[in-house]
Structure formats: C-alpha cells, structure tokens
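The values are calculated or read from the model by the stated rules, or taken from the named source; none is laboratory data. Note that the structure is a prediction, hence the values are computed from the model and not measured. Ideal geometry is used to build each Cβ from the backbone, glycine not excepted, and the neighbour counts take in all protein chains shown.
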C-alpha cells in the first residue's frame, strides 16, 4: 500500500546527512564533554561547534544558546527560570492557544501564588498586540507568546508584541518550535528575550532542543546538578543529538527559502482541490499569515478521529491537531479559543507537509480524499444529525 506522510508538524524524519554525522558519537567519539582528557575534549569541541552553527543561524552569540532535551524543557526553563529569579510571585501574560508546555507551566505558577492573564485570539488565531499592552501590570514579569501555532499554522505579530514588551521593559519569551527553520527570522532583531526551539521538527533527532537567552535576561536554572550549559541546565549534554541538531540547522540554512515556496504551492493546491470537490469545508487559521506547510480544515459531519483513521487505511498520515493532545475527545482548545463551533472543532484535520512531500503524493491525496469523506459521512451519526 502506498504511504504518504502529512504530519510533519508532529515530527519529521531524520535527514540522511544528519544521521551520518551523528553516528560517530555513538561509537568512537563517545567521550563526556565535561572530561578534560582527549576523549572529553573531542566531544566538547563538537558540542561547541554545534552551538556556534545554531547561533550563526539565529544571528546571536554562542554563549546565549543553551541545549535542552526539547521544546517542552526549553519552554519550562524560560518561564520558570525567569519566575525563580524573582523574590516574590508576580504576573505573567500569555495566550489561550499556547502549547501545553507553556499553559501548564503558567498554571503551575498560579498554584504558587502567581497571577496569569490568558489573552484571547481572533477567528484566525491572531493575538492583538493592544491586548498585550492592556494586560500589563506593575508586577508583570514575563510575556509568553508563541510564534506560530502548531495546529493551524497562524503566525503571530511577534514584532509588534516585542515592541510592546520592550516599551514596558518586560522580557518576552517566544515558543518558536513550529516556526524555527521554516520561516526566516532572528530573535535579537525582532526584540525577543527568550526563544525556545527544537530539533525533531526540522529533520533532526528527537530528544534535543535549545533555548536562546538574550544576554542580560535575569533568570536562573531550574535543575540541580553540575555546572553544564553555563549553569542554566544541569546534566551531561546529548552530544550525538546536538551534533545532529546542528547539522539539521545547517541544512535548513540552505534549503529553507526554496522549500517554503514549494510547500506553499503544494499546500494551496491541496486546499483548492478540497474546497472544489468537497462540500461543508471550513479553513481554520489565517488565510495568508500561516506557515507555508500547514493546512487545517474542518469537515462538517465527520469526527476528526474517523477521518484520521479513514485516511490511515489508505496509507495517508494526517493529524486531528497537536500530537501532544492526541486521544483527547474534546474539541481542540485552540479552535475553541478561535471561536470555532464545537461540532466543527471535533471535525478538524491538520495536513502538514515537509521536504519529502511531492506533487505526486499531493495528487494521490486529492484523488483519495473525497471518497473517504463521502464514505465517512454516509456512515456517520454526526452527519445524519447535521
């Protein structure tokens, strides 16, 4: 059976060049980078060279890049690190559509006496920078807004939000896990204070990510242990993963621009075909301010899980939303925050394309998809009530 993978926002296949550079660090180059002998020094050199590669891509200093186990840890370190640096609880501003790595960290702070404001978004998933400005209080210690939403792909007006934060002298943390390596930007130029990003969304290995911390940002480490990563993140570094991460970033540097153009064309071809051939379809997310690889739509009368499973039987892999929320029988909290009715929220599907997606694959999906939708609507008790 033919197989087509359209869930790249969840994870990506490791690029062959990435795998190749990682292999020696599982065998002959196995040293601990904190050891002072030759084995350790070799690992340390690879670690720092990787840091420099990623820093160059971001236009920042290598000393500002801290390696972590992934986006979730990076978000936790950013938020809790700033919070723990304060003598007393304060106030944090975020949005209702953040990744759970941000939302649940803010909720944890609330249980410790912090106050949190969860800003609304419009029907496209956009945050209003004026809402950020109005939410600021004398004790606001941090603003946390994602760059691009993993479910609908909407790209937030981070530059405008950064100006609001700078005028109020409040650090701005951005979850850039979905945007990093997909669209060009440099955090220092935009005006960010902290940026979280991850490897496995850009054809690198799972289990490794990073946090950029602008020099002068007041924060502390949240793990107890050794003096690794400039005392910001204790624990022996994942050298093989970090080397692979850096190689993935290097490849993004040369491929990102052309790939974005190609994927946007494929995505738009898919959407136009869906809209023309299937009735009762609604686009979710901003029509233009969206990641070039992401398409989220609701199909009236069909439950998301049935659609995902129906396409899976045809060898097509898509998602009902964020992979971190899979198995949840409630409508997507992101779509709910955007004002999408519950029945359409329960009928949403996400197609996320990647570097391996071809014209032929999109053609196959266009050929197969209408029949799957028609069959599921015929079987669905939801459709019979619609």
Subject >> Selection within the range 108-127 - buried (at least 16 other Cβ atoms within 10 Å of the Cβ), at negative phi and not in a strand (DSSP E or B) >> reply: 109, 114, 121, 124, 126, 127
Subject >> Unique match (being crowded, with 20+ Cβ neighbours inside 10 Å and either under 29 Å from residue 260 (Cα atoms) or at pLDDT below 95 (or both)) among 54, 93 >> reply: 54
Original post:
Among the numbered criteria (1) surrounded by 19 or more Cβ atoms within 10 Å (Cβ to Cβ); (2) modelled with pLDDT of 95 or more, which single criterion is violated by residue 42?
Top reply: (2)
**OP:** Starting from the range 296-317, keep only residues that are in the same structural domain as residue 270 (by TED's automatic domain parsing) and farther than 20 Å from residue 280 by Cα, then list their pairs with residues that are assigned to a helix (DSSP H, G or I) and at pLDDT 95 or above whose Cβ atoms are within a distance under 7 Å, requiring at least 6 positions of separation or different chains.
**Re:** 314/368; 314/372; 316/365; 316/368
Subject >> Those residues of the range 269-302 which are surrounded by fewer than 22 Cβ atoms within 10 Å (Cβ to Cβ) and within 16 Å of residue 183 (Cβ to Cβ), in sequence order >> reply: 286, 288, 289, 292
Original post:
Within the range 191-203, can one find any residue that is surrounded by fewer than 23 Cβ atoms within 10 Å (Cβ to Cβ) and either in contact (Cβ under 8 Å) with a residue 12 or more places away in the chain or farther than 27 Å from residue 292 by Cβ (or both)?
Top reply: yes
Original post:
Since residue 130 meets every condition but one in (1) on the phi < 0 side of the Ramachandran plot; (2) under 11 Å from the mean Cα position of the chain (by Cα), which condition does it not meet?
Top reply: (2)
Original post:
Taking residue 215, is it touching a residue at least 40 places away in the same chain (Cβ under 8 Å), on the phi > 0 side of the Ramachandran plot and surrounded by fewer than 19 Cβ atoms within 10 Å (Cβ to Cβ)?
Top reply: no
Original post:
Is it true that some residue in the range 314-321 is modelled with pLDDT under 95 and either touching a helix residue (DSSP H, G or I) at 6+ places or on another chain (Cβ under 9 Å) or farther than 18 Å from residue 126 by Cβ (or both)?
Top reply: yes
